[in-house]
Structure formats: structure tokens, C-alpha cells
1. Could you tell me whether any residue of the stretch B:307-321 is surrounded by fewer than 24 Cβ atoms within 10 Å (Cβ to Cβ), within 20 Å of B:Y581 (Cβ to Cβ) and of a type in the set (D, E)?
2. Given the conditions (1) part of a strand (DSSP E or B); (2) without any contact (Cβ under 8 Å) to a residue 60 or more places away in the chain, and given that B:A272 satisfies all but one, which numbered condition is not satisfied?
3. Would you mind finding the one in B:L84, B:L67, B:L48 that is closer than 30 Å to B:R195 by Cβ and modelled with pLDDT of 90 or more?
4. I'm trying to understand the selection: among the residues of the stretch A:96-135, which are facing another protein chain (nearest Cβ under 8 Å) and either closer than 24 Å to A:L221 by Cα or crowded, with 21+ Cβ neighbours inside 10 Å (or both)?
5. Looking at the stretch B:329-348, which of its residues are over 15 Å from B:L270 (Cβ atoms) and crowded, with 24+ Cβ neighbours inside 10 Å?
6. Can you tell which of B:M177, B:M150, B:M191, B:M225 is surrounded by 18 or more Cβ atoms within 10 Å (Cβ to Cβ) and either in contact with a strand residue (DSSP E or B) (Cβ under 6 Å, 6 or more places away or on another chain) or free of Cβ contacts under 8 Å to residues at least 60 places away in the same chain (or both)?
7. Which of the residues belonging to the stretch B:639-653 are within 19 Å of B:I34 (Cβ to Cβ), assigned to a helix (DSSP H, G or I) and within 7 Å of chain A (Cβ to nearest Cβ)?
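The values are calculated or read from the model by the stated rules, or taken from the named source; none is laboratory data. All values reported here derive from a predicted model rather than from experimental measurement. Quick reminder, even Gly has a Cβ in these numbers, built from the backbone with ideal geometry, and neighbours come from all protein chains shown.
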Amino acid sequence: MTASVFFGCTFIAFGPAIALFLFTIAREPLRVIFLIAGAFFWLVSLLLASLVWFISVQISNKDSAAQQKGLLVFGVVLSVLLQEAFRFAYYKLLKKANEGLLTLSQEETMPISIRQLAYVSGLGFGFMSGAFSVVNILADSVGPGTIGIHGDSQHYFLSSAFMTMAIILLHMFWGVVFFDGCEKQRWWAVAAVVASHLIVSCLTFQNPEYVGSLVPTYVILFLMGVWAFYAAGGSLRNLKLCLTCKDKDFLLANHRPR
Amino acid sequence: SRPAISVTARDPPVGHERSRRLTSVGCNSVEKKIYVNLNYTVPCVRLLNATHQIGCQSHLSGNVGVLHVLESEENLDWVLHSGLTPPYLVILESSLFTRYSEHTLKNGSSRVAGVAVVTPNANPSQGTSPHTSCPNENTGVYTENYDPTMARCNVTVWNPLGTGLSYEEFDFPIFAMKEDNDTQVIRQCYMDHNRAGNGSTPQYPLCAMQLYSHMSAVTDTATCMRRNNINFSLSPEMVCDPLSDFNVWASTRPLNNTAKGHKEGESVVLAAARLDSRSFFFDIAPGAESGVSGFVALLAAAHALRNATQEAPPPRNILYAFFHGETFDYIGSSRMVYDMEKNNFAVDLDNIHSVLEVGQVGLHAESRLWLHSDPVSRKNSSVNEESAASGLNVSVEEPGFSQPLPPSSFQRFLRARPIPGVVIEDHRSAFTNSFYESMYDNAEYLNISYPPDLTPDEQLEYVTDTAKALTEVATVVARTLYIQAGGAESRLGSINADPQMVTRILYGFLVRSNNSWFQQLIPSDLVSHLTDRPTNFYVGVAQQPGKPTLLVQYLLANLTGIVVSDTCFNNCVFVLLPQMYSYLWVQGAAPPNSTERVGFCMRSAARLSKALSPAFDLHEYTSKDYSTWTESRWKTIKGRIFLVASHELEMLTLGVGVGVLLTSLMLTYIMSSKADILFSSGREPANATY
């Protein structure tokens, strides 16, 4: 629509991700490396999924709308499964890498814990997924026009931006929960991540009824966020301590360095 | 458009938006949801001369305005004063596009982003001419030095219906559109979104249009030619080009074209006509009465004189000259006079015995033709016209009072030498052409009509009444030329123009140029230049001869030349010497029982001579003597329509975005600074790692 819509939607979509990157990742080179590697893994999964989809579209009947819709659904499901498969592959790779690093290094502790890796890889997946979701829409939002001349809903740009924000955060939470489940051999947690990913993707078939797709997505986002918080080691007690500003006393009492 | 790969299996809404609307999953981008591009847009472009710039200009990134369909002049008030969402882009019917509207729109140009004129399919009933009322008043022969009483149309205003719209300057784009699907879409969009119901204000989102026609040149010709020559970068960017094309000329007795300058013993009667025309919009110039009627009459006269000048050659030579660029201060004729003065042409000004020019002759009511001559330099026995017209249905008279010459190429010759001559027109005083240099000066205005249900080939051969009338004029012209060249009066009865030829030429230039006869007359590489639409006679800026110029050259060659038999293509084009004659290879017709065309070599005296104003050769870009017209260059010309959202909504989006960013920055800072507390389990040892 104009520059203001462009910047508004960019900040909505990438605001939390940029904030997280700036404050938690940017100063640690190791985290940056693993973030980019995670983004790359997501990219490879997308490449594979789109290759399969492209071939199937070429051999299909291009005039049949039902077949094309079916192919799209198939493509979405395939892509979700591939993304989660690549998340698992990344997990395996990181485990092996960590063992290798440990034997090589002279310190006793690992330079980066699996929990941190889970968070970083999830955020990497999220960045790349968000970029592919929304960048071409942002590019078109710079022009003077807004969507609607053919009767589509006007809120396309805004809802795309909000959806992208949700997806990025969801990828981060899924990463944490997924790695935690793999560590503790809780395969039902892994299955729940895959299932919720599938649900969120299929919710987007509701568009252009944006309420129908955004509201459940944000509900799932909230639930996943809570689960990830607990999986990362948080608890209600810690939260209360922080909120009532009694954390300093707690630390002093336990002689733990800050 | 964005590649299809981003449509594939993914989460966000984009892919599924498309699935609702697609029958085939192709490259369907967001841009297609926003914009509807307009297919047929004709802009008005910027032209510059020594002192002014005329035409229209848009911003570099296009002019965006809320659509407003103007139904009557009262609605102008909404656009100029009371409308709440300026700037507006006004859509007008052509009949409303009068000078009054333009004046009002020009004054309110901060609220007017552009104008789109919907041109009707039929001519308006009232005549209107966008040209000035005194065409070419500064570059003719009637200056203050020559005769102050006749300068600046003091005696006769030649184009009384002229509004001067083509010579105004606008700082918003003006486009012309046809009544087609795009216009329907625009009107529908306006009705759906911009129409205020019962006095209430229309709500956002509103329908808007964007027009791109940014012109690179500014101020005047001297400035733009100076900017053309700036050599700062490896690829200098040109901003304007001089208007130029080629004149077509031929002679009844061949002239040695390589020996330029004065030719001893040659006395030449110059038969002149004008080729070009213009209108307010770019590249639309049918010029039926303004130009085509004149040169078609001269072409037919040349054809009629072919036999007589071969069998009983008159003492003087006849030089047919078709000048291009005459609309813009006599580009072609001033160039020919300049060439003659500098001994750069096959003959000299001293070789010219007299001049006969054929002006606007298509509309002659009551079958009367008028011979105009210059009262200042007139001699007693200039042109003998009575016997030329005897026995025909046309009466030829002189205006009967002291009147200057109408705008004509002959004036440029008079500026150099006092040569005797006349200009044949169909108006006694002011023009009878009520659409002079307008886009409505077309076949319909000349009443060229065909019975329904004729195929194009049958239409080509059908002799219209206009063609019959024009044939009479051509016969008069031919006979007058013959007498003027000193031929015997006894032969006059055998000089007759061919109505079949005239109707074919008229059909080819005014209805469709892609017809079977034209296809036979041209070489095969020009066939792609033929279109199914009337020919456009705007002079243009090409370095090569334009399409109508080449068509006229090949026509003239066919009508005055002979076939050189048994000559192959190589011989014709490369071997035969072009000193006395020009040799042209044409593709010819296919014989009845085959599909391959049989080409042949045409020998004639038809040649081209460059029609570029001498001001550009002399680098006098502020010249008052020669034409200094240039046309600006541009990058894109296009238009599109879309919806615009209100400013408040856009600011709200930006505000929400900034809010989300700041909130997340704050939250993240807080959480990361307290991460140790938040994410510890409390009971595990400090170096637990997993």
C-alpha cells in the first residue's frame, strides 16, 4: 500500500524474531552459526518438498481444480512432515557434533547446551520459514494499491504479517519441545509437535476467513509457549520470583553467580 | 511476478488464497490481486521548441489519483473544490474535453492528478480542432518584414475552430482510452467504490488509477540538446530527439541525383503536397482531410501524367515533392529549400519555374476549388487554370480578394525566392475542415463509406463517392501541371486520373493498410509494417524513413515508373546504378495457380531526401527561421487501476508494527536478563549439561 504499510507489516512479522536475535543470539558466535545452519536445514526441506510438489503438478491434470486443490493439500502435509524430519535430522547431527566437540576441547563442559541448541535451531527454522512466507507479500505492499479490486479481503497484508509472526515463534517453541522430547525419549511429545504443526498449516486453508485461521493459531501458539517454557526449565515459582523482584535475594541465598 | 516455488507446500495464507481462485496453479502473484493493468493507453507527450515546452508530464513514479468519472461540467466543482480525497484522476468523455474544462482543470492542478479521455467510436457532431487558429504563423513567409498587414493571420484566421489545446502545457498526464473492456472495468470500479450515495461521503477503500508518462526533457530544445551531449557516463542518456523523417520526390524526366546543384537548362515545375498530420495524443494522426486528401490527389495526378509525359514530353520537367513534417513549422520544405540553397539537391532554386501545391481538397462542397496565391509577389501570368478545368465537374476560381496564402509548403519557397505559384484548396477563406489536425479527421469525416457485407478485398476495389470527387481534383491538378510545364492543350483530354487507383489509395491509407494491393507494391521486409488500422502520419523521430513515407515512395514508384524486366533481385538492389533512376525491388503478386509471389524490379525516379530541420545541422537551437521541434524521450507509458486504503489505516498499521517491535524488544530484554532465574530447575547441580 505504501511505505508505512511495508514497514508496519515487516515489524509485525519479524519484530519478535529480531528482538530475540539481537538480545540472545547476536553476541554468541556459536549460536549464530547454529542458527544459520538450522535455517539451511529448513531450506533443504523446503527444496525437497517443492521438488516433489512441482513434479506432481507437472504430471497432473492442470485444468481440474479439485485435483490441484488436492495436490496443494498433499504438498502442505508433505512439507510439514519433511520439515519435522529435517528437524530430527538436525537434532541427530547436533548430538554427534557435540560429542565430537567435547572430545576435542579441553574443557569439561560443552560450549553450548542442547537446550540452547534447541532454541537456536527452532529460531533458525522460524526465520527462514517467515522469510519465505512473507517477503514477496511485503514487496508488493510497497506500491500504492491495496488488495481488493477483485473482491478479496482488505486485511491480507496484516493477517499475513500476524500469521508469519506466529509461525516464527511457533517454530522456536516446537524446536525446544522437540529436542526435549528426543532427549528424554518422550516420543509422544515429538508426535504432539508434528501434530500441532500439521494443525496450524491446515488451519491456513481457512483463509480468507482470517479469524478462523488466526485465532486458533494464536491459541496453539500460547499453549506451545507454555509447554516450551516448562520444557526449558521454567516453572511457575521462577516466574513469580522474577515478577515480584525477589530474584536477587534468591540468588544471594543460593550463592549462585549471576 | 513471484515464482511458483513460493506457492508450494507451506503454512502461511498465501498458497491457500490462490487455491480458492485458481483453475490452474500457475504464476499467480500478489501483484495481480492488487492491480489491473490497462491495455490500450495513448498518452500525450511532451514536445519542445526554441522557446516552449508543450504537452503533458507525470511524476517519475507515476501520478496516483482517486478516480472520478465526470458526467457534466457541474461535477468539476467536486474535483476542484469540494471533494474530500484529492488528488483526483478525472475520466472524461471526449465531448467534455473542451478547452473550458482544460482551463479549469489546469488551474486546479494540485487537486488533479491526471485526466483520462474516453474517445467515442464515432466522430462528434460539432467540429473542434486542437491546433492553433493560425498554424505555423512564425515560420511562413508573412513576417513583419515581408508584409506586416498580413502577418499573424490579420486578414484571415485560417483555423477559426482552433483551440490551441495541442500547444498547451500540462503538468499532469492526459491519456486517451477507447470504449472497451478496460473502460467498463474502470466505470464498474468507480460505481462500486467511489460513488457517494445521497450526499454522504464515499468510504475507503476507494478506486484509484495510476498513470505513468514521465518525460525526460524540459524547458526547450536548446536545454535538451545540451543535455543530450553531456558525456559524463559511458552510456550517455538522451533526453530528446528532433522531429525528422524523409521527403519523397520524383520527376517526370530523370535528374542526375549525384550531380547536385544548379542544372543548366532545366526548368522545373514543382508539384508539392503535404504528408504528415498530428493530433493532441501521441501517434494518432489520421490526417484525412488535412494531409491525405492532398497527397492522394497529387499521386493520382502523377499517375495520370505518366503516359502524357512519356509520349509527348512537355518542355519543362515536373518535380513531384511530398513533404513530411510540415505540421511542425515546415520541417520538410524548409529542409529542401536549404538543400537547394546549399547546392545539396539535384536542382537549384533558380531551376524552379513555378510551384503548384495541392492543399486540403477532400471536402469540397459544391465541387469548387480555390486557387490561392501570394498577393505580394504575384505576377500577372502565374498559372493558367481555366482550360485545365474545362469539361470537368469542378469549378476552379480564385478567392477574389487580396488574401495571403494559407499555411503551405510554398511559403518556404517564397521566403527564398519570389517564385510564382498557387495553392489549390477547397476553402475560399478559412478552412472548411472542422477537425484540422485532430484525431477525428479520419475516413468517417471524409464520408468514405462502404456498403455493408463487403470483404476487405471488395472494399478495396469499391469506388466511393469521395474517391470519385477526389479523382476530379486529381485530373484538374494533372492537366494544370501539364499546361504549366508547357505541354500542348490538345492533349489535355487524354489526361485523366483513374478513380480505381484513387479509391484503392484512400482505402489503404485511411481504412487499412494491410490490403492485397499494397502488399504487391512493397518488398517483403516491409510487409510487417502494414496494419489493419488507418495509417498514422505523425512525423516521429526515427532516423529511418517512417512507414507511411516508404509506402508513398513505393506507390510513387509504381505509379510513375516502369518495370525493368528480366532483372533478378541482386541486380536490382546492388548492381544497377542509382544516378538517374532509383531501382526498387517489390514482391509483386502471386500468379493464379501458385502461392509464391513473383517479384520484379521497378525503375522510377522516386527518391527520398532527408527531412530534418536545418536548425539541427547548424546547431542553432533557438533559431527563429527554422523549425526547432523536438520530442522528449520517456521510459514507461502505462496505466493501472487499484484500490487505495485510507491514510489512517496505513498509519495504524505502521503504529501497530512499531508497537509490536518495541514490546518484543522490551520483553526479550527482560527475559534474557533474567534467563538464569527463569530457566533453572532449582535443584540440579550447576554443571549439569544436557
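1. yes
2. Unmet for B:A272, out of (1) part of a strand (DSSP E or B); (2) without any contact (Cβ under 8 Å) to a residue 60 or more places away in the chain: (2).
3. Criteria check complete, one pass: B:L67.
4. Of everything in the stretch A:96-135, those that are facing another protein chain (nearest Cβ under 8 Å) and either closer than 24 Å to A:L221 by Cα or crowded, with 21+ Cβ neighbours inside 10 Å (or both) turn out to be A:I114, A:R115, A:S129, A:F132, A:S133, A:V134.
5. Result: B:D329, B:I331.
6. B:M177 is the lone residue from the list that is surrounded by 18 or more Cβ atoms within 10 Å (Cβ to Cβ) and either in contact with a strand residue (DSSP E or B) (Cβ under 6 Å, 6 or more places away or on another chain) or free of Cβ contacts under 8 Å to residues at least 60 places away in the same chain (or both).
7. B:E650, B:T653
Each row is one residue, and each column tells you yes or no for (1) assigned to a loop (DSSP other than H, G, I, E, B); (2) surrounded by 18 or more Cβ atoms within 10 Å (Cβ to Cβ).
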{"position": "B:P534", "(1), (2)": "yes, yes"}
{"position": "B:P548", "(1), (2)": "no, yes"}
{"position": "B:L555", "(1), (2)": "no, yes"}
{"position": "B:N571", "(1), (2)": "no, no"}
{"position": "B:A590", "(1), (2)": "yes, no"}
